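Derivation of every value follows stated rules applied to the coordinates shown; laboratory data play no part. As the structure is a prediction and not an experimental result, all values here were calculated from the model. Quick reminder, even Gly has a Cβ in these numbers, built from the backbone with ideal geometry, and neighbours come from all protein chains shown.
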Amino acid sequence: MYEMTVGENAHDKVLAIVRSLVAKLLQYDESEVEMDVPLLEMGADSMVFVDAVRRLEDAFSVSIPVRRLFDDLSTLNALVAFIASNMPADWGSMEKAEVESPPSHSKENGVVVTPTVTHIPAAPNGGPPQPLSTYVNGSKLNTNQAKGVLTHIISQQLEVLNRQLGLLEGRVVEAAPEPEALAAEPAAPRAKPEASKPAAKGVLPFAQGVDLSRQGYSAEQQAHLERLIQAHNQRTRNSKEKTQRYRAVLADNRASAGFRLSTKELLYPIIAQRAQGSRMWDIDDNEYIDIAMGFGVYLFGHNPTFVRQAVEEQLGMGMQLGPQSELAGEVAALISELTGVERVAFLNSGTEAVMTALRLARTATRRPKYAMFLGSYHGHFDGTLATPSLEDDSQAIPLTAGVSAQMVKDCLLLPYGEERAFEILERHAGDLAAVIVEPVQSRRPELQPRAFLQRLRAFTAQAGIALIFDEMITGFRLHQGGAQAWYGLEADLVTYGKVVGGGMPIGVVAGKGAFMDCLDGGMWQYGDASYPATETTFFAGTFCKHPLTMAATRAVLRHLKAEGPALQASLNARTTQFTEALNAYFVADEVPMEMVHFGSLYRFQYKGNGDLLFYHLLQNGVYTWEGRTCFVTTAHSDEDLEAVIAAVKKSVSQLRAGGFLPQNTAVPELTAQK
Ligand code: PMP
């Protein structure tokens, strides 16, 4: 991929590598990478930016001062020039260097050995650049060998980074070709997706002391951004002030996720004061139509009377922990009735439910491994924070710092909806305890692979592998019986949360007795010789079956039972209509966006950095959260949905008027009014 040829000067070589790196990171064609626009403005976030630069430091043996990345080295051209003039001399004068295959995996006693690579640290700031030296398995390599290895490592790291970024931003990242293939021939340009490049030549940095002339914004864009920032800051003054006041003491990634210098002054969570039905009011008393709806928790809108009354009633009776919950048995029976699961257990979050389901599957099958699908999200248990290794893209490595390789060594990663998943599954079938699947991935709602899931059900049943449906979002939303009912399939274990808790913290693990019995030993009764005969695993939690949660959950389940499946059917149909209306508008008005949905979940799809659209929506009275997964609830009236459509149209016009979307049309004035 990073082939060097005689005659290229150092600058061109660096440029080719940097351009390729950034294109991969942002899933752009190389021709789309704008060298004079700050990287952060092209859709990367600061974490990715700094990480990518660290990798460049490694590859070129240069030290790039982080402070300057936000200042005079913020554009790729500036970065390339800096690297080219500071990297070791022998990079520039090298003969054609073969791009080597990935380090070969020698087999010692049947064990695959991957070379370990150590870099000699780059010179400290200002010092003379160190010669490039690399050690593989303890032996020093010559420069060309070293570069081949480094090339492989860079591409490996890029791949990992790309996947991490994709997961964080809710994009699905396809597996890249192997490095050999990339080295042999340039990647064919990808077909342009429907939704084209977003807003931008970037947005204006409002950090004090940043030289705006270097950022490449038109006067029109700068003026628009200044007005947007001013209007947003004015309108949501108290949210910003409060966020800053507590930043030192409140460690909160919600308040820093998606950091970009240009949108720094806009980056703070909207702080809610109260909410009712489809509406939320922030602490500046702005009213919003809420389309985030508690990350999908509030199927009935905010504060529905039947949930509030149930919680208030329980509150009056106290929150007993220790003695058994009076409601737990009834709640379990209702879940079983609506979804068809045999047995049910309660936890406090979806993450715990997933972790427990995996533990149960391993206990029941006595096998170590589990498989997950790329593009799915299963919470923040270490064992599910995995990304593919490049040596073997079905083998997981840690997704993020702080997760040990040991925690994901038994995890396999599979492409969702693809034949290749079965090839991998077949290879490992005898070792697999479970395959966990998010039946419709919330980050890719348009993918609903029914036939694939039917085959997966048959395969896992035949191989004695537990099929786990993670129904955190689909449960009780897609259908009363969740994705199992939607697809007409029965999983072995199912995890629920969100909707069913009615706004109280909950995780549910449920499923067939053969697996659930590993929690408590299974069925037994008094007055005979029966006993809990199944081998058990460990399971506990101070707040499991919390009385307030049980009260809210029972209220939700009773309501769902009374309303029947028509509740979800109507919500799903209204969401289809709503997204179709927006898509018709996008097509007719040539807006480079698309709506995708399943059930009552929807997402705006666009390429790159869509922050500005969402800031405009906030200005126009529509609230969503940073993850941008949106929901229609029973509390959203047809008028609410019309109002959301109107807000989207107004935001698009404003973005066009500001030079952030193609094709200008007449634009309503952006004002700072409430
Ligand atoms: N699984 C899925 C499919 C989810 O969407 C989520 C959360 N959005 C989780 C697990 C984790 O749930 P929690 O945030 O309650 O831990």
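Among residues of the stretch 466-491 that are within 12 Å of ARG450 (Cα to Cα), those with a Cβ under 6 angstrom from a residue that is within 13 Å of the ligand (Cβ to nearest atom) and hydrophobic (A, V, I, L, M, F, W, C), sequence gap 6+ or separate chain, pair up as ALA483/PHE469; TRP486/LEU478. Scanning the stretch 493-512 for residues that are buried (at least 24 other Cβ atoms within 10 Å of the Cβ) and farther than 15 Å from THR553 by Cβ turns up LEU493, VAL494, GLY511. Whether a residue is within 16 Å of the ligand (Cβ to nearest atom), surrounded by fewer than 24 Cβ atoms within 10 Å (Cβ to Cβ) and of a type in the set (S, T, N, Q) was assessed, and GLN448 passes this test.
On the given criteria, is THR400 on the phi < 0 side of the Ramachandran plot and part of a strand (DSSP E or B)? No: the conditions fail for THR400.
Considering the stretch 476-502, and only residues there that are in a loop (DSSP other than H, G, I, E, B) and within 15 Å of the ligand (Cβ to nearest atom), the residue that is nearest to LEU548 (Cα to Cα) turns out to be GLY502. Going residue by residue through the stretch 427-442, is there one that turns out to be in a loop (DSSP other than H, G, I, E, B), more than 26 Å from ARG343 (Cβ to Cβ) and within 14 Å of the ligand (Cβ to nearest atom)? Within the stretch 427-442, one or more residues are in a loop (DSSP other than H, G, I, E, B), more than 26 Å from ARG343 (Cβ to Cβ) and within 14 Å of the ligand (Cβ to nearest atom).
Please go through the stretch 388-420 and pick out each residue that is among the charged types (D, E, K, R), touching a residue at least 40 places away in the same chain (Cβ under 8 Å) and surrounded by fewer than 17 Cβ atoms within 10 Å (Cβ to Cβ). Matches in the stretch 388-420: GLU391 only. Just so you know, in the stretch 462-475 the residues that are crowded, with 24+ Cβ neighbours inside 10 Å and of a type in the set (Gly, Ala, Ser) include one that is farthest from the ligand (Cβ to nearest atom), and it is ALA466. Among the residues making up the stretch 503-534, those that are within 16 Å of the ligand (Cβ to nearest atom) and of a type in the set (A, V, I, L, M) are MET504, ILE506, VAL508, VAL509, ALA510.
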